[in-house]
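Just below is one structure, and these are the notes that go with it.
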Amino acid sequence: MTVDIRPLAVDDLPALSRFLTAGFHTPDDAEFAAVDVLRWKYLEPARPEPRSLVAIDEVGAIVGHVGLVPTAFAGPGLSAPVPALHMIDWLGSREHRSVGASLMRRAHEAAPVQFGLGGSDAGRSVIRRGGYEPMPPVTVHGRILSPLRWLRAGGASPRQAARAARDLARRLARPPRPATVRLELDPIPSFGPEALDVVAAASRHAVVTARTPERLDALLRYPRRPASAYLFRSPDGRACGLAILATLPRGRTTLGRVVDLLLDDADAETWHAALLLASAELKRLGADSAQAFASPPWTTEALRRAGFQMRHPLDFSLRDRRALLPRDAPTYLTPIEADYAFG
Ligand SMILES: CC(C)(COP(=O)(O)OP(=O)(O)OC[C@H]1O[C@@H](n2cnc3c(N)ncnc32)[C@H](O)[C@@H]1OP(=O)(O)O)[C@@H](O)C(=O)NCCC(=O)NCCS
């Protein structure tokens, strides 16, 4: 059985949506695979290089797909960002053994460095065989913002009520500490060149993805719900960080996600102040709980001081065949990578 691998075309979107919801065993109207969301992920804004590859069989049916999230890493000692990519919505039909691996090899041609964040057991085992190496995990942290709403939403069953009560007890056991650094959260309509300065400064301390204003603005155009953009400002008015926040319905509660947060220093006190501001803003936007990613020690410590608790780790693996990235600095990844921003 021969398959043809080619870039996704706009006419493929309805068939791709059906292929993904069937293969990932989700409802037909699952948001991650809705036609408008797929168009936003893969076709907008239009670029010469494809962000999605489909494998097509002899009769023209989709039998495999891989989405590419192109990015670039900046870090200590790097003179220019190193292009990198993460694969998402990666699926092969069971009837076409190894079509997923073929798509992976084609995807790898698009950037010299590739990485995986989270993913399924099948995906992790195939990328391990493809040369990805395990790195320290990214950790997902949560904080309850509205204890009573959370408790009420726990539901009627004794198990749900017990879970809600446990979460509440945890929150009360570890209240957030007040900030010791003064920062302001400044809402902005879109990102400008300040984002590049924040990335340049942050990359002196950690390997971070080189956020461009265009990439950050594309996140603000998610078709299903709004995301808000901010700059953090120090008392002298200087932009010292950036954030994207979003609220996502989760059953009877609303999750507030720190979709992105980057500061120009590696000081846990400043990150702590920024996380308190982000949490308060998420609460104002209607969130009952807040979620944020961490990995470098100062981000983990700041989350702890801001009242967050570690919920679970996400496997992080890296394929850097030419050793282009520094290995002596921690990597900082946020939900803008992979497909975690709005999922
Ligand atoms: C990850 C994936 C794309 C790799 O594709 P591939 O290289 O063509 O996979 P292979 O045909 O070599 O099979 C690798 C394993 O995945 C399993 N697999 C293949 N297609 C699958 C599918 N559509 N659903 C579930 N499992 C699948 C195979 O049974 C095999 O498991 P085994 O080693 O225990 O027999 C493919 O496994 C897949 O589609 N998995 C389901 C979706 C998924 O997990 N995506 C990755 C998200 S990170």
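The values are calculated or read from the model by the stated rules, or taken from the named source; none is laboratory data. Note that the structure is predicted; figures quoted are calculated from it, not measured. No Cβ is skipped: glycine too gets one built from the backbone with ideal geometry, and neighbour counts run over all protein chains shown.
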Expected single match for touching a Phe, Trp or Tyr at 6+ places or on another chain (Cβ under 7 Å), modelled with pLDDT of 95 or more and outside the structural domain of R327 (by TED's automatic domain parsing) among L16, L8, L38, L53 is L8
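Condition check ((1) in contact (Cβ under 8 Å) with a residue 40 or more places away in the chain; (2) closer than 29 Å to Q160 by Cα; (3) surrounded by fewer than 17 Cβ atoms within 10 Å (Cβ to Cβ)) across all residues:
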site	(1), (2), (3)
Y222	yes, no, no
P235	yes, no, yes
G256	yes, yes, no
D260	yes, no, no
L276	yes, yes, no
S279	yes, yes, no
Contact list, first residue from the stretch 194-213 and free of Cβ contacts under 8 Å to residues at least 60 places away in the same chain and farther than 10 Å from A74 by Cα, second anywhere and part of a strand (DSSP E or B) and of a type in the set (G, A, S), beta-carbon distance below 8 Å, six or more apart or interchain, is E194/A239
Item to complete: Assess whether G92 counts as being farther than 23 Å from H312 by Cβ, more than 12 Å from the ligand (Cβ to nearest atom) and touching a strand residue (DSSP E or B) at 6+ places or on another chain (Cβ under 9 Å).
Response: no
Scanning the stretch 292-317 residue by residue, those among the aliphatic types (A, V, I, L, M), part of a strand (DSSP E or B) and buried (at least 21 other Cβ atoms within 10 Å of the Cβ) turn out to be A292, A294
Residue hits (the stretch 94-107; buried (at least 20 other Cβ atoms within 10 Å of the Cβ) and out of contact with any Ser or Thr (no Cβ under 7 Å at 6 or more places or on another chain)) are G100, L103, M104, A107
query: Going by the conditions given, is A110 among the small types (G, A, S), touching a residue at least 40 places away in the same chain (Cβ under 8 Å), within 30 Å of L196 (Cβ to Cβ) and away from the ligand (no atom under 16 Å from the Cβ)?
result: yes
Would you confirm whether or not the stretch 118-126 contains a residue that is on the phi < 0 side of the Ramachandran plot, of a type in the set (G, A, S), within 16 Å of the ligand (Cβ to nearest atom) and touching a strand residue (DSSP E or B) at 6+ places or on another chain (Cβ under 7 Å)? yes
Within the stretch 51-86, restricting to residues that are more than 16 Å from the ligand (Cβ to nearest atom) and more than 20 Å from the chain's Cα centre (by Cα), the one that is farthest from L325 (Cα to Cα) is V59
V37 passes all but one of the listed conditions (1) closer than 26 Å to D11 by Cα; (2) of a type in the set (A, V, I, L, M); (3) within 16 Å of the ligand (Cβ to nearest atom); the exception is number (3)
Looking at this structure, is A153 aliphatic (A, V, I, L, M), more than 22 Å from I5 (Cβ to Cβ), out of contact with any Phe, Trp or Tyr (no Cβ under 7 Å at 6 or more places or on another chain) and more than 9 Å from the ligand (Cβ to nearest atom)? yes
